[in-house]
1. Compute the relative contact order of the chain as a whole-number percentage, counting only Cα pairs closer than 8 Å that sit 6 or more residues apart in sequence.
2. As an exercise, identify the trypsin sites (Lys or Arg not before Pro) in region 1-59 lying in DSSP coil whose Cβ has no more than 15 other Cβ atoms within 10 Å.
3. Restricting to DSSP loop positions (anything but H, G, I, E, B) with no more than 14 other Cβ atoms inside 10 Å of their own Cβ, which GluC sites (Glu not before Pro) remain in region 1-30?
4. If I take R0 = 25 Å and measure r between the Cβ atoms of THR68 and LEU28 in this structure, what FRET efficiency does the formula 1/(1 + (r/R0)^6) give, to the nearest 0.05?
5. Quick check on region 2-65: take the gyration tensor over C-alpha atoms, sort the square-rooted eigenvalues as a ≥ b ≥ c, and tell me if it's rounded (a/c under 1.5), prolate or oblate.
6. Once both labels are modelled 7 Å past Cα along the beta-carbon direction, what's the ASP4-ARG44 spacing in nm?
7. Any chance you could give the angle, 0 to 90 degrees and rounded to 10, that helix 2-12 forms with the longest Cα principal axis of the chain?
8. Under 24 Å between alpha carbons, and skipping anything fewer than 8 positions from LYS38 in its own chain: which lysines qualify?
Amino acid sequence: LGEDALEFACTALKPGGNLVIKSFQGELFPELLSDVRKYFYSVRGYRTKASRKGSAEVYIIAKKFKGTCDDTEGPL
């Protein structure tokens with residue numbers, strides 16, 4: 001779902017826009033974080049204090065959309 005949110009953001013956000021993705025740390029999380037970093041100037045993971053201990057829940061906070069999702073690797 002994180003990749004779907006990023007793909008939607010690429011079509012809907014204006015340059016400078018922000019995105020928050022709720023995700024879970026796991027095997028694919030580093031790849032998602034890397035993909036988000038390609039298209040936003042500021043990206044960080046955030047774990048809420050309200051999350052249960054041992055929960056893999058994490059939010060990706062992405063700020064300042066670069067305005068395009070075009071890259072040499074092709075579409076998302």
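Derivation of every value follows stated rules applied to the coordinates shown; laboratory data play no part. Bear in mind that the values here come from a model prediction, so they are computed numbers and not experimental data. Every residue, glycine as well, gets a Cβ built from its backbone with ideal geometry; the counts of neighbours run over all protein chains shown.
1. Here the relative contact order equals 41 percent.
2. Values: sites: LYS22, ARG37, LYS38, ARG44, ARG47, LYS49, ARG52, LYS53; in loops: ARG47, LYS49, ARG52, LYS53.
Taking region 1-59 and a limit of 15 other Cβ atoms within 10 Å, the loop trypsin sites (Lys or Arg not before Pro) found are ARG47, LYS49, ARG52, LYS53.
3. Numbers: sites: GLU3, GLU7, GLU27; in loops: GLU27.
Of the GluC sites (Glu not before Pro), the ones in loops of region 1-30 whose Cβ has at most 14 other Cβ atoms within 10 Å are GLU27.
4. Numbers: r = 24 Å, r/R0 = 0.94.
With a Förster radius of 25 Å, E is 0.60.
5. Numbers: a/c = 2.25, a/b = 1.78, b/c = 1.26.
Cα axes put region 2-65 in the prolate bin.
6. Placing both labels 7 Å beyond Cα along the Cβ direction yields 2.9 nm.
7. 40 degrees
8. Answer for LYS38, where 24 Å is the Cα cut-off: LYS14, LYS22, LYS63, LYS64, LYS66, listed by chain and number.
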